[in-house]
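Notes follow the structure.
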Amino acid sequence: MQTNQLFSSLPQIKVYARICAVDNSVISYNKTILKVEQELTEPQFFVFDKIFSEFDTNSKVFNETIEDLVIKLMQGQTSIYFAYGSTSQNEAIHELAITTLIHVFDMLEERSEVYVEYYQMYCNKIRDLFNPDKTSLDIRENNVY
């Protein structure tokens, strides 16, 4: 098997960042590298597939990140979108989730079936947002993608 065939069959993980206002840190970034400087510490560098500014719209973030996942989902592939942010970012994260669901349902054919899970992780607790009766879910690891 050729290397490119091997990698095309493996799950692909892409990591994106969206910059928002930060306390006393000095942040500088280009398209993929984020530099964080704080008093009394060495600068830290982080590499992403793409960095969005605080001025980029949710629509732009969706079109350049999640939209491709929806297309792959409709082709029968497993797609996972994991969003992490401070509490102040919850509205933007929820808006992206709603936009994603709208696109999924718009693309569904009459007899199609899709399985969707929507969780919130907060204060070391996981909640199923589609089933609020489940108040606390266990975190487990497995090798299934």
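The values are calculated or read from the model by the stated rules, or taken from the named source; none is laboratory data. The shown structure was predicted, so the numbers you read here are calculated from the model rather than taken from an experiment. We place every Cβ from the backbone using ideal geometry, glycine too, and count neighbours over all the protein chains shown.
For this structure, a couple of remarks:
- Candidates in segment 24-79 are the residues that are closer than 24 Å to Ala97 by Cα and of a type in the set (A, V, I, L, M); of these, the one that is surrounded by the fewest Cβ atoms within 10 Å (Cβ to Cβ) is Ile71.
- Here the strands (runs of 3 or more DSSP E) wholly within segment 31-145 that include at least 1 residues being over 24 Å from Lys14 (Cα atoms) and at pLDDT below 80 are 125-128.
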